[in-house]
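See structure below.
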Amino acid sequence: MKIDEFQETIHACRFCFMCRHLSAVGNVTFRESDTPRGRALIAGKMQQSMDTLEQDYIDAIFKSEISASCRFHCVSHFDEAGLVIAAREDIVAAGKAPEPVKVVAEQLKNVSFSVEGSGDTLYYVDSYSDKKSAPAGCKTISGGDTGRALQVLGYTADSEAVFAQFANAVKSSGCVKLVTSCPASFYFLKENLNGVEVMHASAFLSSKKGSGEVYYLESDYLKNYCAEFVSPAESLTKLGYSLKPFGTNPEESYTAGEGAVVYDRLYPEVAEKMCKHISELADNPTSDVLVTASPYTKAVLNKYAPELTVKLLDEILVKGL
Ligand code: SF4
C-alpha cells in the first residue's frame with residue numbers, strides 16, 4: 001500500500017495532538033478525525049483491513065484541506081499531507097472513493113488545452129481565473145487543471161495523463177517561460193515541467209509602489225510547499241503597504257482549502273464553514289482589505305463570505321488598492 005511508505009508519520013501522528021489547532025477543517029468541524037492524529041489513526045485502520053473501512057473514515061481522508069500547515073510547523077516535519085494523498089491513492093485503487101470525489105475526478109479528466117495570443121511567455125489560466133487576468137504581451141494556455149487536482153485526489157495515473165497533455169500543449173506553444181497566478185499550479189509545474197522556466201505571477205509582474213493597510217492571507221502552496229519562495233508579504237511591504245497580522249496566529253491556514261485545489265467542488269458545505277471562520281476572524285469584516293495570492297481563495301471567499309473585500313495579489317501589484 002502507498003501509505004506503508006509513511007510508516008514513521010503514521011506512528012508519530014497517531015499519538016500526537018500538537019498541531020491540532022492548525023487543522024483548518026478540524027477547526028470548523030470540531031472532529032478529531034479531521035486532524036493529522038485522526039487521519040493517522042484511520043491510516044492504521046486501513047493497514048489492518050481495507051474491506052471493513054467505514055465510509056466515515058474514507059470521507060475524513062478526502063475532507064482534509066491538505067494545507068500542509070501541520071507538516072510545516074511540526075518540529076519534525078512529519079509528512080501528514082503526503083500521508084493523506086497516499087491514503088487517497090489506496091482508497092481510489094480499492095474502488096472506494098466517495099461519490100462526490102468520483103464525479104469531480106471525471107470532470108477533471110476532461111481537459112482540452114489550447115494556446116492563444118502572441119508573445120514569448122505563456123500565462124496559464126487556472127480554473128478559478130479568467131483570460132482577462134493574463135498579463136499583457138503573453139500567450140495564454142487554458143482548458144482545465146494541469147493535473148495537480150487529480151494528483152491530490154489520489155488519481156495518480158489520470159493526473160499523469162492530463163499533465164502529459166498539458167506539457168505537449170506548452171511544447172507546441174514554443175514558449176520556454178510559463179507564468180501562473182495559481183500557487184497550486186506553480187508548485188506542481190515547477191516540480192514537473194522540464195525545460196520551461198516556471199514563475200509565479202508575483203515574481204513576474206512589474207509592480208508599482210502603493211500605500212494603505214492590507215491583511216495578507218498567506219498561500220498554502222507558496223508557504224508550506226515552496227519553502228524557497230520568498231513570501232509575497234515581503235514584496236507588499238517593500239512596495240509601501242502596511243501589513244496587518246490576520247487571525248489569531250501566523251501558522252494557521254486561512255485559504256479555505258487552497259491546498260486541496262478544488263475543495264469547494266467536493267465539500268462546499270465545509271468550504272463555506274472555512275470562509276465563515278475567516279470572516280469571523282477579520283478585525284473589521286466590512287472595511288478590511290484582504291489580499292490573497294490564490295485565485296481559488298479569492299473565488300470561494302467572494303462566494304461564501306461576500307461581506308469581505310478580497311483582492312488578488314496580482315491586482316494589488318499592478319493596479320494598487
Ligand atoms: S504532524 Fe507533527 S505535530 Fe502534527 S500530529 Fe504529526 S507528529 Fe504531531
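Using θ = phi - 60° and the Karplus curve 6.51 cos²θ - 1.76 cosθ + 1.60, what whole-Hz ³J(HN,Hα) does each residue of segment 44-59 get, with Gly and Pro shown as x?
x, 4, 4, 5, 6, 6, 7, 5, 9, 5, 6, 4, 4, 5, 4, 4
In whole Å, what are the Cα extents of segment 212-319 along the three principal axes, biggest one first?
38, 32, 27
So in the chain, which Cys have no other cysteine's beta-carbon sitting under 4.7 angstrom from theirs?
13, 16, 74, 138, 175, 182, 226, 275
So, counting K/R as plus one and D/E as minus one, what does the shell of residues with Cβ under 12 Å around residue 77 add up to?
In short, -2.
With every atom except the alpha carbons ignored, what do you get for Rg and Dmax of the chain, in angstroms?
19.3, 59
May I ask you to derive the FRET efficiency for residue 8 and residue 242 from their Cβ-Cβ distance with R0 = 30 Å, giving the value to the nearest 0.05?
That gives a FRET efficiency of 0.10.
Give me the lysines in straight-line cross-link reach of residue 303: C-alpha distance below 22 Å, same-chain residues under 8 apart excluded.
Within the straight-line limit of under 22 Å, residue 303 reaches these lysines: 63, 131, 132, 273, 276, 311.
What nm value, rounded to one decimal, do you get for the distance between residue 77 and residue 110 when each label is placed 7 Å out toward the C-beta?
4.1
Counting only residues 5 or more places away or on other chains, whose amide H sits under 5 Å from the amide H of residue 291 once H atoms are built in the peptide plane?
Distant-sequence amide H within range of residue 291: 215, 216, 217, 311.
Based solely on its DSSP helices, what 222 nm [θ] is calculated for the chain when runs of n ≥ 4 H residues each add -39,500 (n - 2.57) and the sum is averaged over all residues, nearest 500 deg cm²/dmol?
-12500 deg cm²/dmol
In whole angstrom, note down how far apart the Cα centers of segment 120-193 and segment 36-108 are.
Computed from Cα coordinates, the inter-centre distance equals 25 Å.
Taking segment 2-97, how much of its Cα-Cα pair set, in percent, is spaced more than 23 angstrom apart?
14
Amide H to amide H, which residues 5 or more places from residue 121 or on other chains are under 5 Å from it, using H placed in the peptide plane?
Correct list: 139.
Calculate log10 I(q)/I(0) of segment 107-204 for q = 0.23 Å⁻¹, where I(q) comes from the Debye formula with a single equal point scatterer on each Cα and nothing for solvent.
Debye intensities relative to I(0), on a log10 scale: -1.25.
Every read-out reported here was derived from the displayed coordinates using simple, explicitly stated rules and does not represent laboratory data. Quick caveat, the model's predicted, so the values are computed rather than measured. Neighbour counts are summed over all protein chains in view; Cβ atoms, including those assigned to glycine, are modelled from backbone coordinates with ideal geometry.
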